[in-house]
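Since the structure comes first, as C-alpha cells, the remarks are kept for the end.
The values are calculated or read from the model by the stated rules, or taken from the named source; none is laboratory data. Given the structure is predicted, the values throughout are model-derived calculations rather than measurements. Neighbour counts run over all protein chains shown; Cβ positions are idealised from the backbone, glycine included. When the accessible area is computed, the model is the full protein with side chains, heavy atoms only, and any ligands, DNA or RNA have been set aside. Shrake-Rupley method; radii C 1.70, N 1.55, O 1.52, S 1.80 Å.
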Amino acid sequence: MTARRVSTSTVKLNRHALLGAAFGIVATLFAGQAAAEGKIRIAQQFGIAYLILDVVRDQALIEKHGKEAGVDIDVEWASISGATAMNEALLAKNIDIVSAGVPPALTMWDRTKGRQDVKLVAALGSLPNYLITTNPDVHSLKDFSNKDRIAVPAAGVGFQSRTLQIESAKLFGPDNFQKLDEISISLPHPDATAALISGGTEVNSHFSSAPFYYQALQGNKAVHKVISSYDILGGPATFNVLYSSAAFHDENPKTYAAFYAALREAAQWINANKEKAAETFIRQQSSKLSPQLVLEIINDPENDFTIVPQNTFVYAQELHKLGVLKNEASSWKDYFFPEAYGDNGG
C-alpha cells in the first residue's frame, strides 16, 4: 500500500485494513513530530457523516482562512478506519485532529484528563443510526433473543454499542446494560448491509449509519427499523465529532482558529448548496453511491450537517452512571474547547 505526498498530503487506507496496520502507516508518515503553528494533520473516517471535512478539503478552506489570518497553513490528511488507530496516533502526536463517534471521544477526554487533556473540537453533524432487522418478531430491544445477531462496527465499545448500552440500562436495569453485547458482533457497515440484503447469514440485525440503512431498507423488504439513536437520546443528536489535545489547541491558536472557521464555513455551504455537496462527497471519497441517494441523504430532515453539538451531554451523563466514564462532566463545555461555546450546543 502506498501513499502519495503532495502540497496537501493524502493518505487513503482501505477501510477493511487492520487497525494496527493503519496506525503503523500513519506513524511512519508523520514521524511522531508535534505540529508547529502553520501546520495541521487531520484524520477522518469514511462515509457521508464526514461530509463537512470533505468540503473543507475540497475547497481548501483551512488554507483560505489561514491566509486571511496571515498564516500559510500546510494541511495533511489521513483517512483511517477505526477510533482505536485514531486515538493511538493522537496520543503519539502523529496526528493533531481526529474524528470518531461521541462515546469514543468522551472516553479519550475521560482517560486523558489531567495529562494530555484531549477535548472535543466540534460536531460533524447530527445524523441518526438505525437499529434494523430482518426478524419479523423483533419490534423493540426486549424482543431480541440469543438467536439474533446484531452487527456493529466495534462490539462493546463503539458508538452503536454504547448507545445500545444506554437504552439497555433503562430497559433491563443498570446491572444489565451490556445485555445486548452478548448477541453483538463486530462487522464493518458494508458487510453487515450486504448480509441483511442477501439474507441467509447469522447476522439478521444491524445498528447502521447512513448511507447503509438507506440501502438495506431499499434493498430488502424484510428489513425494518426497530429503534434509532435519536429515539434513545431523546431527539436529534451528534453522531461524530472532532477532537484534539490541549497542547495542539494552546500552541497553535491561529491554525486552530483557521480550522474552526473552515468547519463553520463548510457546514453553512452544505446547507446552501446541497446538490454540489453531494457531488463533493462522491468526488472526495470516490464513492460509488448514486448522486440521487447521496442527495436524498443530505436532504433528509433527520440529517443536519452542523458543527454545533447536540445531546452529547446525554452520553456524558449516562456513560458516567454506567461506570464507562470515571470523570463526571457538569456540562458539555467541560469536554469541548472554548471555541465551541458560542454556539447553543449541548
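Rounded to the nearest 500, the 222 nm mean residue ellipticity of the chain from helices alone is -12000 deg cm²/dmol, with -39,500 (n - 2.57) taken per DSSP H run of at least 4 residues. With Cα atoms defining each centre, the stretch 269-284 and the stretch 98-124 are spaced 28 Å apart in the structure. Entry note, the chain: relative contact order of 25 percent, from Cα contacts under 8 Å with a spacing of 6+ residues.
A dipole drawn for the stretch 52-191 from +1 and -1 charges on Cβ atoms has a positive end, and of F172, A92, V157 the residue lying farthest that way is F172. Calculated on C-alpha atoms, the gyration radius of the stretch 98-155 divided by its Kirkwood radius gives an Rg/Rh of 1.14.
Computed with a 1.4 Å probe over protein heavy atoms only, the accessible surface of the chain comes to 41 Å² per residue. Calculated from the alpha-carbon coordinates, the stretch 58-170 shows an Rg and a Dmax of 18.8, 61 Å respectively. As a length-normalised measure over Cα pairs under 8 Å and 6 or more apart, the relative contact order of the stretch 163-244 settles at 21 percent. For the stretch 62-104, state which trypsin sites (Lys or Arg not before Pro) are in a DSSP loop and have at most 15 other beta carbons lying within 10 Å of their beta carbon. Filter output for the stretch 62-104: empty list.
Run the Debye formula on the Cα coordinates of the stretch 279-346, all scatterers equal and no solvent, and tell me log10 I(q)/I(0) at q = 0.27 1/Å. With no solvent term, the Cα-only Debye profile gives -1.10.
Taking a ≥ b ≥ c as the square roots of the eigenvalues of the Cα gyration tensor, the stretch 225-287 is oblate, since a/c reaches 1.5 or more and a/b is not larger than b/c. Counted over the stretch 106-224, the DSSP beta bridges are approximately 50% antiparallel. Matching the structure-derived Cα extents along the principal axes in Å against the labelled list [x] 61, 44, 38; [y] 55, 50, 40; [z] 75, 47, 31 gives the label [x].
For the chain, the fraction of 1.4 Å probe accessible surface lying on carbon and sulfur atoms is 49 percent. What separates the Cα centres of the stretch 191-266 and the stretch 293-346 is a distance of 13 Å.
Plainly put, the stretch 211-342 has a radius of gyration that is 1.01 times its Kirkwood radius, both from alpha-carbon atoms, as the Rg/Rh ratio. Among beta bridges from DSSP that stay inside the chain, the antiparallel ones total about 55%. The trypsin sites (Lys or Arg not before Pro) of the stretch 307-346 that DSSP puts in a loop, and whose beta carbon has at most 12 other beta carbons within 10 Å, are K326. Cross-link partners for K113 among the aspartates and glutamates, with Cα-Cα distance under 15 Å and sequence neighbours closer than 8 places in the same chain left out: E328, D334. For K274, a cut-off of 21 angstrom between C-alpha atoms picks up these lysines, skipping any fewer than 8 places away in its own chain: K288. Let a ≥ b ≥ c be the square roots of the eigenvalues of the Cα gyration tensor of the stretch 140-291; is it rounded (a/c under 1.5), or, if not, prolate (a/b larger than b/c) or oblate? Cα axes put the stretch 140-291 in the oblate bin.
Here the dipole of the chain is about 500 debye; that uses its Cα centre as origin and unit charges on the Cβ of Lys and Arg (positive) and Asp and Glu (negative).
What shape does the stretch 257-299 have by the C-alpha gyration tensor, where a ≥ b ≥ c are the square roots of the eigenvalues, rounded means a/c under 1.5, and otherwise prolate means a/b greater than b/c and oblate the rest? Oblate.
If the reach is capped at under 25 angstrom between alpha carbons, list the lysines near K147, excluding any in the same chain fewer than eight residues apart. List returned: K170, K179, K221, K225.
What's the angle, to the nearest 10 degrees (0 to 90), between helix 274-284's Cα axis and the longest principal axis of the chain? Taking Cα atoms only, the helix is inclined about 80 degrees. Between S208 and Y130, L131, I132, the built amide H atoms are under 5 Å apart, and every one of these is 5 or more places off in sequence or on another chain.
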